[in-house]
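Just so you know, all these numbers are worked out from the coordinates, no wet-lab data involved. It should be emphasised that the depicted structure is a prediction, and the values quoted were computed from it without experimental measurement. Positions of Cβ are backbone-derived with ideal geometry, glycine not excepted, and every protein chain shown enters the neighbour counts.
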Amino acid sequence: MERFAAWLEHTRRASPHTVRNYLSDLAQFEAWLQQKQVPLRGVTHAVIRAYMSTLAEDHKETSRARKLAAIKALYRFLVREGAIPQSPAKLVRSPKLPRTLPKVLPVDEVFALVEAPSAKAVLGLRDRAMLEVLYGAGIRVSELCGLSLDDVDLRARVIRVMGKGRKERLCPLNPQAIEAIRAWLERRGELLARPGDDADPSALFLNYRGGRLRARSVARHLDRYVKQAALKRNVSPHALRHSFATHLLGSGMDVRSIQELLGHASLSTTQKYTAVSWDLLQKTYDKAHPRA
């Protein structure tokens with residue numbers, strides 16, 4: 001399993017989050033195999049299907065699909081290592097995932113949310129810059145937390161982002177995001193004056209102890225500003241990324257350019273936003289047309 005984890009990290013370039021989830025899923029699979037007294041190398045196509053059927057009641061389709069992906073990745077690795085001749089998971093079909101449209105905020109709600117943090121307190125300045133970058137660059141929350149000072153070029157108005165598969169890309173910043181980052185950087189040192197054990201002076205966004213800001217903290221702060229802005233909806237950090245893409249598409253930017261900004265490997269992943277734009281257009285039509 002250690003070699004498999006190293007293969008995921010260095011060869012497949014999986015994120016630490018993916019590696020952790022895969023190892024957790026495989027530990028669950030291994031426990032089930034032990035209960036059934038089936039050795040790992042003795043697993044067949046039928047055994048994997050039987051295991052997947054046990055997950056049907058307690059796990060959503062997305063969770064079952066990830067667990068199967070972990071099993072398939074493990075057996076691809078074992079074939080690559082020469083431990084088994086072929087993968088028993090190769091022909092196991094993944095659960096059919098429900099087609100859901102991304103949750104998108106109207107432009108005025110995004111503005112209210114981004115402008116909610118205080119401009120006087122140091123943590124408010126941090127959060128304003130954080131929200132401006134999330135929406136202004138359309139990056140993932142994990143990418144936001146991974147930003148270091150060296151990744152920001154305020155003069156060129158770009159940030160260097162490490163995306164999925166450890167692929168680097170450059171994301172432009174709008175003037176409001178630049179202004180918010182400058183204001184934050186002027187007072188950022190206050191959080192490093194009394195650093196904690198996890199202090200990280202290289203990180204762009206810091207927690208109150210001077211450590212690197214984590215994704216859970218970003219989501220928690222965002223929930224507070226959602227209430228402060230009196231928005232009648234749940235908003236995740238990823239909703240700002242969805243809103244970024246949908247608003248650009250609605251303003252006339254082509255899907256291919258949005259794909260580059262989002263860092264999607266496949267254009268089909270980006271094309272889901274065209275369905276969102278059509279959904280919004282249809283709702284606007286229903287409100288505006290006299291015969292609707």
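Quick notes on this structure:
- Calculated Rg/Rh (Cα atoms, Kirkwood Rh) (choose from (i) 1.25; (ii) 1.05; (iii) 1.03), label: (iii)
- A P(r) calculated from all alpha carbon pairs of the stretch 2-81, with 10 Å bins opening at zero, reads 17, 53, 28, 2 percent.
- When only the Cβ of Lys, Arg, Asp and Glu is charged (+1, +1, -1, -1), the dipole of the stretch 175-228 relative to its Cα centre reaches about 220 debye.
- Counting only Cβ charges, +1 for Lys and Arg and -1 for Asp and Glu, the dipole size of the chain around its Cα centre is about 760 debye.
- Alpha-carbon centroids, the stretch 226-269 and the stretch 4-70: separation in whole Å: 31 Å
- Taking θ as phi - 60° and the Karplus parameters 6.51, -1.76 and 1.60, the scalar couplings of the stretch 3-8 work out to 5, 5, 4, 5, 5, 4 Hz in sequence order, x denoting glycine and proline.
- Long-range HN-HN contacts of G211 with modeled amide H, under 5 Å: G196, D200
- Take the convex hull of the alpha carbons in the stretch 42-153; its mean projected area over all directions comes to 12.0 nm².
- Of all lysines in the structure, those lying under 16 Å Cα to Cα from K96, and not within fewer than 8 positions of it along the same chain, are K60, K67.
- Estimated FRET transfer efficiency (E179, R12; beta-carbon r; R0 41 Å; 0.05): 0.55
- Built amide H within the under 5 Å cut-off of A14, gap 5+: E9
- Straight Cα distances below 16 angstrom link K120 to the aspartates and glutamates E179, E186, E190, with same-chain residues fewer than 8 positions distant left out.
- A simple rule links phi to the HN-Hα coupling: the Karplus curve 6.51 cos²θ - 1.76 cosθ + 1.60 with θ = phi - 60°, which for the stretch 156-166 gives 7, 6, 9, 10, 9, 10, 9, x, 5, x, 6 Hz, with x for Gly and Pro.
- Top positive-direction residue, dipole computed over the stretch 29-91 with Cβ charges, set V47, V79, W32: V79
- Within a straight-line Cα-Cα reach of under 12 Å, K103 can be paired with the following aspartates and glutamates, leaving aside sequence neighbours fewer than 8 residues apart in one chain: D279.
- The stretch 107-288, relative contact order [Cα under 8 Å, separation at least 6], %: 22 percent
- Computed FRET value (nearest 0.05) for V255 with R49, which takes r as the C-beta separation and R₀ as 45 Å: 0.75
- Under the combined filter of DSSP loop state and at most 14 neighbouring Cβ atoms within 10 Å, the stretch 162-215 retains these trypsin sites (Lys or Arg not before Pro): K167, R209.
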